[in-house]
1. Please count how many residues of the range 59-70 are at pLDDT 95 or above and open to solvent by less than 30 Å² (accessible area, probe 1.4 Å).
2. Take the residues in the range 127-185 that are open to solvent by 70 Å² or more (accessible area, probe 1.4 Å) and of a type in the set (A, V, I, L, M), then tell me which one is nearest to the chain's Cα centre (by Cα).
3. For the range 194-241, name all the residues that are open to solvent by less than 20 Å² (accessible area, probe 1.4 Å), outside any strand (DSSP E or B) and at pLDDT below 95.
4. Would you please name the residue that is farthest from the chain's Cα centre (by Cα), looking only at residues in the range 78-101 that are of a type in the set (S, T, Y) and assigned to a loop (DSSP other than H, G, I, E, B)?
5. Among all residue pairs at least 6 apart or on different chains, which show Cβ distances below 7 Å where the first residue, located in the range 56-72, is assigned to a strand (DSSP E or B) and the second is aromatic (F, W, Y)?
6. Looking at G114, G56 in this structure, which one is open to solvent by less than 40 Å² (accessible area, probe 1.4 Å), closer than 18 Å to G207 by Cα, of a type outside the set (S, T, N, Q) and at pLDDT below 95?
7. Which one is most open to solvent (accessible area, probe 1.4 Å) among residues in the range 242-267 that are at pLDDT 90 or above, of a type outside the set (S, T, N, Q) and within 30 Å of K122 (Cα to Cα)?
Amino acid sequence: MRFRILLGLTGLAALGSQTALGQARRSGSGAAADAPTYQRELTYGINFNTNGGMIGGAMFRSTRSLSADWSRFWMLEVVEVKHPKEQRVQNYYSGGIYVPGKTNYAFVLRPSIGAQRVIFRKAPDSGVQVSGLAGIGPSVALMMPYYIYYDYTKRDPDNQPIGPTDIRTEQYDPNKHSPDDIFIYDRAPLFSGANETKPQIGGHVRGALTFEYGRYRDAVAGVETGFLFEAYPQNLPILGSNAVSADQLNNKYFTSVYLTIYLGTRK
């Protein structure tokens, strides 16, 4: 479902590129006159990707112009990486929702540097500008334990409570908690295991096209769609199971198609 939504959004961006192509043919020799007069561009946006949820994360980018067509940038992207086998279930006794087998969240910080080149320049006050970019940088995966509420209340043979309610917060453990365990009461708050977060360092490369729709010289609005490859020395322990090893279940290589909707300013 996430992939279909992302594919649709990418299709819209592709339509923008067709508009830019027609525009480039009409503008012809006037392109040089439309060369940028700004030196710096600051943009921020929200990210959708095939390894995340409905909203994958957020990004900030600073771009500095080098010439009429070339610029360099540095950026920071923060996303959550999910395992493709993650599936939320509901405990029909408590109404709580959790992800069976999930042992850790994976929040990834991606600082990047790169270069960008204008492919089709837009008219001064309208149209679509298309640029290509490439970037590279480290990936810092913050592995934060996934906590649940577990019901330890004493019960009789008919499963009726016979003492005070005893619900505790603990990390999901595949050797202790089964996927359909009725005593998993609910998912605990997001940052319950924040003080146990462990980083894993990897790296990434990306390639993308940007489609700028801004109508004003000092404002930026557009979308970026591209491909990202990411690798780590060890598998990221996102899911666990007592049937297979964590290394067999998890990955250390990740590929994703992404789309970012962004806004910004120029100086």
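The values are calculated or read from the model by the stated rules, or taken from the named source; none is laboratory data. This is a predicted model, so every value here is computed, not measured. With ideal geometry, Cβ positions are generated from the backbone for all residues, glycine too; neighbour counts draw on all protein chains shown. Calculation scope for accessible area: heavy atoms of the full protein, side chains included, ligands and nucleic acids excluded. Shrake-Rupley method; radii C 1.70, N 1.55, O 1.52, S 1.80 Å.
1. Within the range 59-70, residues that are at pLDDT 95 or above and open to solvent by less than 30 Å² (accessible area, probe 1.4 Å) number 4.
2. Across the range 127-185, the extreme among qualifying residues is I136.
3. Hits for the range 194-241 are G214, G240.
4. Only one residue fits best here, namely Y93.
5. Pairs found: M59/Y44; F60/Y44; R61/F73; S62/F73; S62/W74; T63/F73; S65/Y38.
6. Values: G114 fails: at pLDDT below 95.
On inspection, the qualifying residue turns out to be G56.
7. Selected residue: L263.
Every residue, every condition in (1) touching a residue at least 12 places away in the same chain (Cβ under 8 Å); (2) part of a loop (DSSP other than H, G, I, E, B), yes or no:
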site	(1), (2)
A115	yes, no
S126	yes, yes
G132	yes, no
S139	yes, no
M144	yes, no
G163	no, yes
T169	yes, no
K176	no, yes
